[in-house]
1. Evaluate segment 39-58: report whether one residue or more is at pLDDT 90 or above and in contact with a Lys or Arg (Cβ under 9 Å, 6 or more places away or on another chain).
2. Mind checking which pairs have a first residue in segment 87-99 that is outside any loop (DSSP other than H, G, I, E, B) and a second that is among the aromatic types (Phe, Trp, Tyr) and surrounded by 10 or more Cβ atoms within 10 Å (Cβ to Cβ), Cβ under 6 Å, 6 or more apart or different chains?
3. Does any residue in segment 60-80 that is at negative phi come within less than 6 Å, Cβ to Cβ, of a residue that is among the polar types (S, T, N, Q) six or more places away or on a different chain, and which pairs are these?
4. Being farther than 18 Å from Ile60 by Cβ, free of Cβ contacts under 8 Å to residues at least 24 places away in the same chain and either among the β-branched types (Val, Ile, Thr) or not in a helix (DSSP H, G or I) (or both) is the filter here; which residues of segment 107-134 pass it?
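The values are calculated or read from the model by the stated rules, or taken from the named source; none is laboratory data. These numbers were taken from a predicted model, which means no experiment stands behind them. In this analysis, Cβ positions are derived from the backbone assuming ideal geometry, glycine residues included, and neighbour counts consider all displayed protein chains.
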Amino acid sequence: MNYERILWKVSLSLWLAVNSIVILLSLIPIRQAVFSVSNADKLSHLLAYAALGAITYSTISLHPGMKDRSWPMRALLVILYCALIGGAIEILQPYVGRGCEFLDFVADITGALLGILVASVGLFAVRRWVACTQ
């Protein structure tokens, strides 16, 4: 079993975990905050979707059937996936006592783009390191 197959299996497990955490934390009702920091909500959206974007991009990039796909195609798939998840969550949040905000959706997409960038640089570095050690 080569290293990319192992990385793909680990990445898939992490993808399932990150997806579950993002969805769960986004849909549980929240109580009135003890303290309020301006735009902290947007920062949490950005960070959550950066993690989701990074692990989704890594999982797609390491999948044996996606190796031949171009970088823009993989990135587009991740952006569409994160937009779908982020949009669906924003639509569902009013039903669990939370607010639906367009700027949250913008933070989601921005985070996904940041995650794609971080993951693509990380995967490039890992592949270079493995190539040098073989």
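1. yes
2. As it stands, the answer is Glu90/Phe105, since those pairs meet every condition given.
3. Leu62/Ser11; Arg74/Ser61; Val78/Thr56
4. Thr133, Gln134
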